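Colleague: Right, I'll just put the structure down here and ask away after.
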């Protein structure tokens with residue numbers, strides 16, 4: 001909720017798709033705890049660095065709405081498939 005409020009206040013686009021893929025992958029790697037934790041921590045750190053340098057909105061502007069929408073559709077498909085498998 002805090003992230004959403006910040007995005008609305010500062011009018012920035014915040015890609016959250018990495019959370020869905022990371023959650024699905026972490027759930028599928030149940031037996032490999034170190035890999036699961038490393039993936040979540042490194043993804044979070046990378047997104048933090050990108051956010052601190054203010055590169056989120058320029059990146060979204062660069063890729064354009066077609067690619068952004070395709071990425072979000074891909075995330076939805078991954079989540080649906082993960083839900084069906086579980």
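The values are calculated or read from the model by the stated rules, or taken from the named source; none is laboratory data. Here the structure is a predicted model, which is why all the values come from computation and not from measurement. For neighbour counting, all protein chains shown are included, and Cβ atoms are generated from backbone atoms with ideal geometry for every residue, glycine included.
Colleague: Considering the range 75-86 alone, what residues qualify as being part of a helix (DSSP H, G or I) and touching a residue at least 12 places away in the same chain (Cβ under 8 Å)? Explain how you work it out, then say what you get.
Modeller: Just the residues of the range 75-86 that are part of a helix (DSSP H, G or I), to begin with: 75-85.
Selection gives 75, 78, 79, 82.
Colleague: Now, a different point. Let me spell it out: the conditions are (1) more than 27 Å from residue 85 (Cβ to Cβ); (2) surrounded by 14 or more Cβ atoms within 10 Å (Cβ to Cβ); (3) modelled with pLDDT of 65 or more, and residue 68 meets all of them except one. Which number is the exception?
Modeller: Of everything listed in (1) more than 27 Å from residue 85 (Cβ to Cβ); (2) surrounded by 14 or more Cβ atoms within 10 Å (Cβ to Cβ); (3) modelled with pLDDT of 65 or more, residue 68 misses just condition (1).
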